[in-house]
Every structure is written in structure tokens, then in C-alpha cells.
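Enquirer: Take a look at the following structure, please.
The values are calculated or read from the model by the stated rules, or taken from the named source; none is laboratory data. Predicted model, so just to flag it, every value in this text is computed and none were measured. Positions of Cβ are generated from backbone atoms using ideal geometry, with glycine treated the same way; all protein chains shown enter the neighbour counts.
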Amino acid sequence: MPFLRKGTYFVLLLLTTPDDTAADRVESRLRQKGADVLRFDDAQFPAHLGLSLVYTANEGLRHVLHLAGKTVPLEDITAAWDRRPRPATASEQVTEPALQNYIAKESSHFLDDVWETLDCLWLPGKRSAIHRANYKATQLKIATSLGFEIPPTLITNNSKEVLEFYRTHNGNIVSKAFHSSLVQSDSGGGGRACHVHTQPISHRAVGYINSVRYCPVIFQAYVPKQVELRITVVGEQVFAAEIHSQQNHHTRHDWRRYDLGRTLHRPHALPEQVRQLCLEFMAQLELCYGAIDMIVTPEGGYVFLEINPNGQYGWIEQLTGMPIGEAICDLLLSPRTPSPNPNMADWQGMEGANCDQ
């Protein structure tokens, strides 16, 4: 009996970890709606899973996944959710560290290549698109080209540039990480870890500004906040949530210093122009899912900060009641018209829907 069903059934590939509870809920909904869901954790390859890519003159390209004694043809996949990808991992039987590292890198590169060849809808997008979308400078360039307002920004490891930027803005600047906010003391993940949050540059910190030469940092002019917004885009649906971070000193400069019990979250009605800019921004990045962070100023202006292509949404859904998980299910199950780029196809039945409740 084949593992995957064909015909009118939807066959979905879910790339995530075994302990992903948000994905568990979506997977359950998808199965209730009659879809087959194939769950795959990149970190289990090649140690515990087999995957082959075959070219033949008669059949062209075929993908074969060997999972739990079953052979799965990946051509049956109708949509895929790249939810929580992890690096590939070498088998425990390989004990040489250099060889472990080589196998992990080769295997991760192979998986990226295989997923890129699957012609189906990818949420949030194909890995090549996600990789590009994670570049902060690229985000800001696209945002400004579309008409978003952004804070005055400097990305540098030059201390003289930072001092000049500091003086220009009368000391009202903040710093944040360029790529990853997580500092891990052990490359294997077993050591201590800390997070680099957005924080103001104090007069005292200026005395240590020469240390910026060791690593590039993003510096931005401080933007006064009425509220912060977490805008989750799923296909054509836009879910905007207010995060009242200014009510709590702990979250005043970065709401990611979570204090959910004392930080009000509620739905926000986006102006139509801002909503359309969000959708255009997503199209430019070739994504169908993303979490955009913005600021609403005391004067009512909307200032773009950044996008996380694989941003979390579970706490927003829980605190605001906005049906983001259901929208993800609908998108993965939505019929699409043929398109050279599956992620930019028309989502039938989804266009024009607006959930800025």
C-alpha cells in the first residue's frame, strides 16, 4: 500500500523538529481536512533517513525518500512548510570531528538542493528566497524602494562612523544584531547561551565603542513608540497585532524580552496602504509567509524595522485570537493556478481576504 495518496488528496511535506507543538496543531488540522502529511526533520539525515535524487532519460528527475521502511516519491508533494529546519547531522558511528563536520555540511547542502527542485508551494518560500530575505540590508533596501519609512540606519564595524552617527542623532541611537541574536558559548549547543537584544547606546557604552571593530553591528536612530506591531502575513491574509511594549519597562526597547503577563497584545487595524505595502514587500522577497516588525509612532506613523521569514506566531494567536494557524492550513490546502514560481501563484479563494480585525 503506498504511503502517499494521489488524486484529489493534498500531500504535504512538513519540515520541522519532533517537539514543535505549533506544527503539531497545524498537522492535526491538516489531517482532519483529509490531507496526508509527511513529517521530516533535516537533523535526522543522513544518520537515520535515506534520500535519493535520480535523473533518467525516460523519467527525468525523481526524488525518493526512504522513511521507516517505506519508499516515498516526493513528486506527489503538493505543498511544503519549511517550519523549523535544522542542520543535517552525521551518524553517531562517525567519530572523527572533521569528518562529522564535513558530512553535516555536505548533507545540509544536498537537502537544500533537493528541496529547491520540488515544484510545489513552499511556505514561507524556497530556501534560496528565505536565505536572501534574512539579509537585513536587503530588507531595508526593498522596504525603502516600496515606500516604507525606515529609521536612519548605520551598519558598520568602524568606530568613527558610529561616533559620528551618535553625534548626528544627539545620542538617541540603538544597537541590534546584524543576523543572529543568539550568542552560544559552545558550537554543539550544550554550552551557555545569551540573547543580544535591541538596546540604547548609553553615554557609558560610547567609551567601549572601539570594540565594534570585532563584529559589524546595526545602529539605528531611536524611534519613539506608541505601540509595536507584529504583522504576520499568510498568503494574502495580513494579521496585525499590537504589542504594547511601552507599558512595561522590561520590554520598552525590545518586546522580545517577553513579559507576556504584563504586556497587552490585541489586533490592530492596518491602514489599507500599509497592508498593500506589506503584500508588495512579500512579493519582492518571493515569500508567502513572514512576520514583519513595525513601530507606530506617537504621531501615528508606521516605521518598518525588519521581517523574519520564519517568525513565530503561536503566542500572537493565543493572546489575540487571530486564526493564523488556520490561515496556514488554508494556504497549504489552497488550489493554485500554474505559475513559473509556485510561491507567486494566485491563491484562489484567498485574494482580498483581510483579517486585520
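Enquirer: Quick one: in the stretch 141-188, which of the residues that are touching a Gly at 6+ places or on another chain (Cβ under 7 Å) and modelled with pLDDT under 95 is surrounded by the fewest Cβ atoms within 10 Å (Cβ to Cβ)?
Expert: Once the filter is applied, the top-ranked residue is S185.
Enquirer: Related question: Filter the stretch 59-70 down to the residues that are closer than 12 Å to L38 by Cα and touching a residue at least 40 places away in the same chain (Cβ under 8 Å), then identify the one that is nearest to the chain's Cα centre (by Cα).
Expert: Among residues in the stretch 59-70 that are closer than 12 Å to L38 by Cα and touching a residue at least 40 places away in the same chain (Cβ under 8 Å), the one nearest to the chain's Cα centre (by Cα) is L67.
Enquirer: Still on this structure, I have one more. For the stretch 87-131, what are the residues that are within 18 Å of the chain's Cα centre (by Cα), surrounded by fewer than 16 Cβ atoms within 10 Å (Cβ to Cβ) and either in a loop (DSSP other than H, G, I, E, B) or of a type outside the set (G, A, S) (or both)?
Expert: P87, E116, H131
Enquirer: Is there any pair linking a residue in the stretch 112-133 that is closer than 22 Å to F45 by Cα to one that is part of a helix (DSSP H, G or I) and among the basic types (K, R), with Cβ under 8 Å and at least six apart or on different chains, and which?
Expert: Listed by first residue and then by second, the contacts come to D112/R127; W115/R127; E116/R127.
Enquirer: Of the numbered conditions (1) assigned by TED's automatic domain parsing to the domain that holds L65; (2) touching a strand residue (DSSP E or B) at 6+ places or on another chain (Cβ under 9 Å); (3) not aliphatic (A, V, I, L, M), G125 satisfies every one except a single condition; which is it?
Expert: For G125, the failing item is (1).
Enquirer: Quickly run through the stretch 309-320 and pick out the residues that are crowded, with 18+ Cβ neighbours inside 10 Å and either in contact (Cβ under 8 Å) with a residue 40 or more places away in the chain or among the small types (G, A, S) (or both).
Expert: Scanning the stretch 309-320 gives P309, N310, G311, Y313, I316, T320.
Enquirer: Take T117 and tell me if it is at pLDDT 90 or above, over 29 Å from W315 (Cβ atoms) and β-branched (V, I, T).
Expert: Answer is yes for this residue.
Enquirer: Then there's this: Do you know which residues across the stretch 287-323 are assigned to a loop (DSSP other than H, G, I, E, B) and more than 22 Å from F148 (Cβ to Cβ)?
Expert: Q312, G321, M322, P323
Enquirer: So, of the residues in the stretch 295-308 that are in contact with a helix residue (DSSP H, G or I) (Cβ under 8 Å, 6 or more places away or on another chain) and within 27 Å of L121 (Cβ to Cβ), which turns out to be surrounded by the fewest Cβ atoms within 10 Å (Cβ to Cβ)?
Expert: The first filter runs over the stretch 295-308 and keeps only residues in contact with a helix residue (DSSP H, G or I) (Cβ under 8 Å, 6 or more places away or on another chain), leaving 302, 304, 306-307.
So of that shortlist, the ones also within 27 Å of L121 (Cβ to Cβ) come out as 304, 306-307.
Numbers: F304: 26, E306: 17, I307: 25.
By that ranking, first place goes to E306.
Enquirer: Here is a follow-up. Output yes when any residue across the stretch 202-220 is touching a Leu at 6+ places or on another chain (Cβ under 6 Å), at pLDDT 90 or above and farther than 21 Å from N310 by Cα, and no when none is.
Expert: yes
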